[in-house]
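First the structure, in the form of structure tokens, and then the observations on it.
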């Protein structure tokens with residue numbers, strides 16, 4: 001990566017409804033994480049302690065599908081505060097395993113859960129993060145600039161995409177790097 | 001009027017959660033709740049699918065411990081087939097499981113918790129993360145990367161990919177181990193042994209500095225549960241269930257994992273969808289802990305030379321030889337388990353049978369139910385499947401490690417909050433201490449909410465903005 005840049009890129013990562021596997025694959029960049037910190041500043045991530053999504057993000061990797069109203073709200077904030085939004089992994093790109101519940105009726109699903117425990121849960125309150133009736137891929141909620149498919153995307157394709165983004169180049173993934181699963 | 005302080009989201013853990021602290025008029029903490037904010041629905045949406053698909057689907061429950069779900073699912077599948085899997089397959093499954101213990105524990109210690117331990121519990125929040133650690137202590141950070149990489153690389157060599165490999169299946173594993181792969185794994189181990197020794201020294205040198213934390217971070221008597229080998233040794237893949245109390249008495253021993261429902265029941269609290277498992281004979285207060293701390297407490301010995309030496313050291317933490325009760329020592333227990341995992345990997349690679357090409361037993365559905373159990377990095381994991389004659393799932397129950405620790409995590413954050421927090425002194429640093437009380441358990445919330453989400457009781461959704469936001473009203 002070019003190290004002549006004067007100002008560090010403001011990089012962020014976020015997770016919505018998923019398993020964190022894409023973040024784990026990101027950590028599989030291993031020693032390359034050191035190169036990354038040369039070029040970019042991590043301004044927000046579930047792996048760091050800044051609790052509020054900041055303004056002025058250059059690139060954000062978003063893992064997971066949109067499954068509840070919290071995700072919906074965060075997705076909207078992400079769009080309004082970021083230049084480039086990356087749909088990171090299959091759950092963000094298609095809904096994937098997170099959306100396997102879509103064939104079930106949400107009320108039936110919750111009713112099953114309520115009845116199964118020996119205790120009882122009071123009615124779901126309207127101010128709480130409500131589950132969406134269907135789990136949605138990210139681009140159905142906000143415009144997305146880049147897709148990195150994979151369950152999870154392997155570190156090589158993450159590196160190919162992230163280095164391009166940090167250097168201001170278009171992301172061009174080879175055919176092999178565009179596969180789902 | 002009561003004051004509620006929230007920490008939202010809890011960071012440097014896996015998954016979505018917040019903490020709500022309830023303070024009375026005098027600013028004293030009266031209650032603390034660890035609230036998990038997600039819903040996955042795995043147990044429900046898997047009904048109607050084939051049990052053959054379950055390893056691939058359930059590994060997607062968690063990106064940190066996919067191998068645990070793969071293995072528990074495959075073992076439940078073995079039981080449905082009614083087969084004994086080939087010896088080489090058992091050994092290979094154990095190998096990938098220890099590799100996962102190494103990578104997952106390395107992640108917990110270096111990437112998620114070391115920023116608190118080495119940069120300060122109340123250190124600067126913008127720097128208090130793994131990147132900050134790499135900048136301040138580059139050697140330690142690089143070692144963390146390397147140790148985790150070794151575990152991930154072994155998983156990749158065996159399973160084809162490091163996250164969500166689909167190599168384990170009912171009846172065995174997909175491919176045998178080649179001699180080339182074997183020597184590649186071997187070549188990585190010296191680095192691993194070197195780094196884990198440095199990490200153990202590092203932590204041991206720090207312990208005297210953390211006496212207050214050891215005393216207050218989830219330090220209470222409880223039961224401990226996990227698997228042990230038939231002769232009482234440390235176990236992660238098979239074995240029998242044991243429950244020990246904090247005096248060291250065996251409350252349960254040699255319980256077949258298939259009978260887990262005899263000793264475990266799950267409760268529901270009105271403020272959370274997340275279930276609260278408890279030790280059945282003690283009723284809903286039957287709090288028990290699982291995971292590294294529990295496993296080291298309940299076993300009679302580790303079974304490898306270096307881990308046994310460390311275990312003896314670990315046991316000196318509790319005068320009188322009773323179980324170690326501080327949850328802060330999950331960190332130490334985790335490092336000992338990494339050492340144990342590396343030793344077991346080295347030992348297993350010397351077994352000539354490990355490269356045997358016969359790695360799969362084939363059969364059709366012979367049993368209508370199967371229970372698969374495994375020690376995941378975070379504790380005992382159960383997969384229970386009921387199928388029809390075609391192998392179509394009629395009922396699925398998953399009881400996961402983080403769920404077992406739910407009661408203990410709630411008790412831990414209450415203890416820390418009562419020790420460090422009062423109405424007149426609410427700082428970001430103190431709130432981070434409370435979060436660390438969750439991090440010691442290394443919870444995996446995508447796992448724990450496989451079935452159910454969470455719902456706090458109170459009405460306000462509170463945000464945490466660049467410091468502390470206090471919500472003031474609640475009747």
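Laboratory data are not the source of any read-out in this text; all were calculated from the coordinates shown. From a predicted model like this one, the values you see are computed outputs, not experimental measurements. Here the Cβ positions follow ideal geometry from the backbone for every residue, glycine too, while neighbour counts run over all protein chains shown.
With springs only between Cα atoms under 10 Å apart, run a GNM on chain A and tell me which of A:137, A:153, A:46 wobbles the most. Comparing A:137, A:153, A:46 in a Gaussian network model of chain A, the most mobile one is A:46.
Sorted ascending by nearby beta carbons within 10 Å, beginning with the fewest, B:178, B:327, A:20 become B:178, A:20, B:327. Under 1.5 on a/c is rounded, so check that first for the protein assembly as shown, then, if it is not, pick prolate when a/b is larger than b/c and oblate when it is not; a ≥ b ≥ c are the square roots of the alpha carbon gyration tensor eigenvalues. Rounded. Between residue A:73 and residue A:34, the modelled label-to-label distance comes to 4.1 nm, taking each label 7 Å out from Cα in the direction of the beta carbon. Calculated [222 nm] ellipticity per residue, helices only, for chain B: -12000 deg cm²/dmol; basis is -39500 (n - 2.57) per DSSP H run with n ≥ 4, divided by all residues, nearest 500.
The distance from the alpha carbon centre of the stretch A:145-181 to that of the stretch B:59-125 is 26 Å, rounded to a whole number.
The angle between the Cα long axis of helix B:330-349 and the main principal axis of chain B comes to about 10°, on a 0 to 90 degree scale. The ranking of A:177, B:206 by Cβ neighbour count inside 10 Å, starting from the fewest, reads B:206, A:177.
Dividing the mean sequence gap of close Cα pairs (under 8 Å, 6+ apart) by how many residues the stretch B:252-357 holds gives a relative contact order of 17 percent. Between the helical axis of B:87-106 and the longest alpha-carbon principal axis of chain B there is an angle of about 20 degrees. On the basis of the beta-carbon distance and an R0 of 45 Å, residue B:193 and residue B:395 show a calculated FRET efficiency of 0.50.
Across A:100, A:132, A:16, mean-square fluctuation computed from a Gaussian network of chain A (C-alpha pairs under 10 Å connected) peaks at A:100. Backbone N atoms of the stretch B:291-312 closer than 19 Å to the 7 Å Cα→Cβ label point of residue B:254 belong to residues B:298-301.
For chain A, a Gaussian network of Cα nodes joined below 10 Å ranks A:64, A:89, A:21 by mean-square fluctuation, and the top entry is A:21. Counting Cβ atoms of other protein chains within 10 Å of each residue's Cβ and taking the mean over peptide B:304-311 gives 0.
Computed from Cα atoms, the angle from the helix B:138-159 axis to the main principal axis of chain B rounds to 30 degrees. In chain A, the calculated helix contribution to ellipticity at 222 nm averages -9000 deg cm²/dmol per residue, counting -39,500 (n - 2.57) for every DSSP H run with n ≥ 4. The distance between label points at residue B:247 and residue B:25 comes to 4.2 nm (points 7 Å beyond Cα on the Cα→Cβ vector).
Working from Cα pairs under 8 Å separated by at least six residues, relative contact order for chain B is 29 percent. Classify the stretch B:26-65 as rounded, prolate or oblate from the Cα gyration tensor: take a ≥ b ≥ c as the square roots of its eigenvalues, call it rounded if a/c is under 1.5, otherwise prolate when a/b beats b/c and oblate if not. Prolate. Spin-label model, residue B:2/residue B:358: points 7 Å from Cα along the beta carbon direction are separated by 6.4 nm.
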